[in-house]
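A.B. asks: This is the structure, below, for whatever I ask next.
Just so it is clear, none of the values below were taken in a lab; they were calculated from the coordinates. Fair warning: this is a prediction, and the values are worked out from it, not measured in the lab. Note that we place each Cβ from the backbone using ideal geometry, even for glycine, and neighbour counts take in every protein chain shown.
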């Protein structure tokens, strides 16, 4: 009975956080940081649709990180490619971009990671003072004695050793406790994949999908890439994002889709 009441209390607290209007929160703003060098347009039919739905379509992929300012606190969402990544390394590091707005790495309170792939985790080691927020199953994969192929564990060494703080998330998390930024459980691409809901006061709510979807057509058709971890979870997560977007009248931003870059102002400007 005690366990049941505890679970119910957690659920009630979480739903309260999701429903809290953004005007009750501290001042909130969101910026996109370019976190990789795009390659030529990619044919998406074979790898990105297990039903071969996209024909001869080629799309431009980009690599994105996001900075959230909540009052005096900063949260970084994904950290892009490493500066040593061949061909796709960013032209400027996340640290160098932050310097443009006089923010130092130690000022980042949270680093949220959508999932464990290298194009989302490459520069996390630059933020050892930040608390790592990551899906519980992603953390299990990263901290395993022998991480599986595709799990970019090396940059997390400080967190794995216990030198840095990590909070693995089994469910959604109200990051700042006021309902303004919600860490969303959206598994399927990987076992513990997450997305982020940011409730901006002027622009309105924004959902950063991570790799729950890779491009607009993928989102619109509930498309499932060949390489995803779980098909059913992928479809369920896409549908969850659509329902959340409908509920909150949110702008959906797909970090890899070049057509979604313009949905936020060019850094160092922020959307509010």
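A.B. asks: For the stretch 2-263, give me the percentage of DSSP beta bridges that are antiparallel, rounded to the nearest 5 percent.
C.D. replies: For the stretch 2-263, the DSSP antiparallel bridge percentage is about 65.
A.B. asks: Sticking with this structure for a sec: Could you please rank 142, 182, placing first whichever residue has the fewest other Cβ atoms within 10 Å of its Cβ? Intermediate values should be presented prior to the final figure.
C.D. replies: Values: 142 26, 182 23.
Exposure proxy ranking, most exposed first: 182, 142.
A.B. asks: Now for a separate question. With n ≥ 4 as the cut-off for DSSP H runs, can you work out [θ] at 222 nm for the chain, using -39500 (n - 2.57) per run divided by the number of residues, rounded to the nearest 500?
C.D. replies: Only helices count here, giving -6500 deg cm²/dmol.
A.B. asks: What distance in nm lies between label points placed 7 Å from Cα along the C-beta direction at residue 229 and residue 246?
C.D. replies: 2.7 nm
A.B. asks: Mind ranking 95-102, 47-54, 144-151 by how tightly packed they are, going by the mean number of other C-beta atoms within 10 angstrom, highest first?
C.D. replies: Going from most to least packed, we get 47-54, 95-102, 144-151.
A.B. asks: Testing the spin-label approximation: label points 7 Å from Cα along Cα→Cβ at residue 220 and residue 72. State their distance in nm.
C.D. replies: 4.7 nm
A.B. asks: Can I ask one more? Given labels modelled 7 Å from the Cα in the Cβ direction, how far is it in nm from residue 202 to residue 51?
C.D. replies: Going by the 7 Å Cα→Cβ label model, 4.1 nm.
A.B. asks: Under the rule a/c < 1.5 gives rounded, and otherwise a/b versus b/c splits prolate from oblate, where does the chain land using the Cα gyration tensor?
C.D. replies: Verdict is rounded for the chain.
A.B. asks: Still on this model: What shape does the stretch 194-240 take by its C-alpha gyration tensor, where a ≥ b ≥ c are the square roots of the eigenvalues and a/c under 1.5 counts as rounded, a/b above b/c as prolate, and the rest as oblate?
C.D. replies: prolate
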